[in-house]
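Input: a single structure, listed below in structure tokens.
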Amino acid sequence: MSDYKNWKLERDEHGIAWLHLDKADSKVNLLAGEVLDELSELLDELRKDLPQAIIIDSAKKDSFVFGADIQEFTTLDTPEKSQAFLDRGHRVMNKLDAMPCKTLSMVHGMCLGGGTELSLACDYIVASDDNKTRIGLPEIKLGIHPGYGGTARSIRRMGPMAAMGIMLTGRALPARSAKRSGLIDECVPLRQLKTAAIATVLSGRMPHRAKGFKKLAGNALFRPLIASQMRKQVSKKARVEHYPAPYALIDLWQKYAGNDVRMLKEEAISVARLATSDTARNLVKVFFLQEELKRQGKQISYKPEHIHVIGGGIMGGDIASWCAIQGYTVTVQDQDPERLAQTYKRAQASFKKKYKRDRRAIRHAGDRLMPDHKGQGVARADIIIEAIFEDLEVKQTLYKEIEPRMKAGAILATNTSSIMLEDLAPCLAKPERLVGLHFFNPVAMMPLVEVIRGESTDDTVMQQALAFTQSIGKLPLPTRSSPGFLVNRILMPYLLEAVVMVSEGIQPELIDKAAVEFGMPMGPIELADTVGLDVCRSVAQILSKALGTDLPDNLDQLVSSGNLGKKSGAGFYPYKNGKVVKRKVANRQGIDEIQHRMIMRLLNETMACYREGIVASDDLIDAGVIFGTGFAPFRGGPINYVRDTGVDVLKQVQDSLYATYGERYKPDEGWSKI
Ligand code: NAI
């Protein structure tokens with residue numbers, strides 16, 4: 001048989017042709033153009049000497065196919081180019097779908113995007129029930145929807161509700177859920193995967209198709225109503241002008257469901273259009289930014305065994321349980337035994353949330369996390385994470401006490417959000433072992449950790465801290481020690497401007513609306529209430545000292561009167577049963593100016609960070625602000641936004657705000673350097 005660069009063809013004693021996908025020069029399989037071209041040739045070859053059946057699997061360890069090659073995606077700068085790209089994919093998938101023998105996709109490990117579409121073009125899909133197996137169509141996260149036939153074929157298998165559900169959320173399913181929802185045929189233990197695949201492909205049974213009630217929702221009679229409900233659901237999370245893809249997918253289904261051939265054709269046209277939109281371009285950029293952050297943690301290999309967390313409060317407690325979930329042995333110390341008991345209780349709740357009914361996993365995570373009132377873990381730990389009160393003296397007293405007991409080579413990491421490492425380090429005999437690991441609240445939800453290099457931080461310690469962060473599934477952002485680091489420094493002026501506007505009598509709801517319309521996940525006033533106004537005030541105090549900005553009086557007053565936001569039941573907004581109570585926005589008057597006032601302060605501070613080199617590149621600024629604050633991902637980060645909109649255009653807005661509001665809008669010199 002002929003040689004293929006990315007595929008190995010093997011025929012077995014059952015007459016089955018096995019197509020082992022093994023993308024050349026790559027650790028994982030991607031459905032690059034070349035891989036598809038070869039598959040097309042292979043299918044032609046097999047048609048000439050038709051096997052009993054075809055099974056497609058992966059020759060890579062523990063992964064199937066991660067999807068299309070996103071790098072290729074970036075070259076599609078015109079709708080014509082993307083149309084041709086998609087048509088090629090469609091031709092191959094259609095060819096596979098139309099093979100005169102039975103075909104099966106045997107999945108173990110990640111099966112995403114194009115990998116799932118390839119599987120859907122087969123008659124059967126059998127997957128391992130391994131923890132590593134995940135099957136999904138996450139294209140929506142890149143500003144498109146499935147474009148290799150995945151729309152029509154997933155609906156054909158699962159019915160519209162389930163299929164649209166996985167496409168609109170981009171959620172990848174574990175094998176068992178995939179089986180339950182009809183996406184795959186069988187889900188078996190890894191050791192039985194091959195046997196099950198062979199038995200299924202030779203079974204002669206009809207390929208799985210959605211039937212009865214599952215299919216009914218696709219009926220032309222119900223589609224308009226269901227589609228409008230879907231649009232309503234989507235609009236709660238994404239605005240059509242920011243994220244057109246989910247709306248395009250719903251339109252596609254509403255118009256063409258029931259006619260697979262037409263739907264496949266229209267799917268390609270729709271994706272060709274979406275792929276060249278600014279949103280898709282920027283979301284692809286965000287994907288690469290995420291990869292860039294992951295790379296920061298892969299420079300060296302570092303395997304700490306024991307983590308000791310000091311401070312079992314909001315942050316320390318959550319960091320400890322997060323590390324235990326990630327497989328580390330963790331001791332957690334607090335001066336207050338009662339607090340420690342609460343920490344353990346809270347950790348149990350997060351284990352239950354994570355592992356659901358898997359009692360063994362819950363027990364194991366619980367076994368890995370040990371309350372340690374006396375701090376005996378200090379002497380055994382490879383990394384000590386300090387998350388005690390935000391007080392220089394208290395932290396230094398602790399450091400002096402623990403340093404003599406630390407293991408040689410152990411790292412001391414502080415979670416401080418506002419104290420400079422240079423102020424903390426002098427009390428240490430070995431200041432080079434001190435690094436910042438700035439987690440965000442809530443730890444389980446926030447993907448970013450700023451890894452702070454102080455003046456005396458050792459290079460290896462910095463690399464180890466980055467690698468550790470990566471090892472716990474967080475995105476490490478190497479940041480220079482400086483007030484507010486990157487994320488809080490950029491976020492705070494934006495947030496404080498919103499607070500100032502409230503003091504001017506502008507309705508908080510209108511301010512939040514202006515921010516959400518820009519693309520922020522939550523308005524700044526609601527965010528301040530959620531984080532806690534006391535926390536905001538303390539970060540703002542430190543920053544206002546360092547950067548010379550004013551602290552709004554109304555923030556001070558609210559904190560002094562005990563209105564700390566959501567946690568105390570009242571802040572800028574009232575709360576009922578833990579839920580914010582908002583009034584209707586009376587009118588939209590002045591909303592553009594409100595938006596400009598907030599966003600320009602954020603951008604101006606971004607320029608300052610860029611000029612000062614707080615992180616090593618503009619991409620890392622964009623990455624930090626997106627993953628640390630949720631800054632409108634479809635805009636690709638603040639620097640990307642400035643470049644896209646035009647430096648001159650935005651600088652003019654900045655100048656005019658400076659003329660109206662004075663000093664706090666003084667354009668940073670960074671504007672002329674970008
Ligand atoms: P917290 O007040 O909830 O918890 C601090 C815990 O440390 C308390 O349980 C206290 O008993 C314990 N503690 C204090 N001194 C101690 C000592 N000498 N030995 C042992 N335990 C001691 O505080 P939170 O909010 O968890 O903050 C901790 C650190 O994390 C601070 O440095 C803060 O700036 C930082 N941070 C806080 C964020 C937040 O949103 N709360 C976000 C990011 C960082």
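Brief remarks follow.
- When both segment 535-580 and segment 621-674 are represented by their alpha-carbon centers, they are found 25 Å apart.
- Two-site FRET efficiency, residue 13 against residue 397, from Cβ-Cβ distance with R₀ of 60 Å, rounded to 0.05: 0.25
- The alpha carbon convex hull volume per residue for segment 40-89 rounds to 105 Å³.
- Relative contact order computed over the chain (Cα-Cα under 8 Å; 6+ residues apart), in percent: 9
- Residue-averaged 222 nm ellipticity for the chain, from DSSP H runs of 4+ at -39500 (n - 2.57), nearest 500: -15500 deg cm²/dmol
- Electrostatic bookkeeping for residue 341 treats Lys and Arg as +1 and Asp and Glu as -1; over the other residues with beta carbon under 14 Å from its beta carbon, the sum is -1.
- What the phi angles of segment 104-118 give under the Karplus curve with 6.51, -1.76 and 1.60, with θ = phi - 60°, is a coupling list of 9, 9, 10, 9, 9, x, 5, 9, 10, x, x, x, 6, 5, 4 Hz, glycine and proline written as x.
- Taking 0.692 mPa s as the viscosity and 37 °C as the temperature, the Stokes-Einstein diffusion coefficient of the chain based on its alpha-carbon Kirkwood radius rounds to 120 µm²/s.
- Residue-wise HN-Hα couplings along segment 517-523, as the Karplus relation 6.51 cos²θ - 1.76 cosθ + 1.60 with θ = phi - 60° gives them from phi, are 5, 6, x, 6, x, 8, x Hz; Gly and Pro carry x.
- HN-Hα J in Hz across segment 253-266 - Karplus 6.51, -1.76, 1.60, θ = phi - 60°, x for Gly and Pro: 5, 4, 7, 10, 4, x, 10, 4, 5, 5, 5, 4, 5, 5
- Counting neighbouring Cβ atoms within 10 Å and putting the fewest first, the residues 117, 504, 241 line up as 504, 241, 117.
- Alpha-carbon centroid distance for the pair segment 389-461 / segment 122-153, whole angstrom: 42
- Here the label points at residue 240 and residue 220, each 7 Å from Cα along the C-beta direction, are separated by 2.3 nm in the simple model.
- The amide H of residue 134, built 1.01 Å from its N in the peptide plane, has 109, 110, 111 as neighbours under 5 Å, considering only residues 5 or more places off or on other chains.
- Once exposed loop chymotrypsin sites (Phe, Trp or Tyr not before Pro) are cut out (DSSP; at most 16 other Cβ, 10 Å), longest piece of the chain: 390-674
Here, each number is a calculation from the coordinates, and none is a lab measurement. The model shown is predicted, which means the values in this text are computed figures rather than measured ones. Don't worry about glycine lacking a Cβ; one is built from the backbone with ideal geometry, like all the others, and counts go over all protein chains shown.
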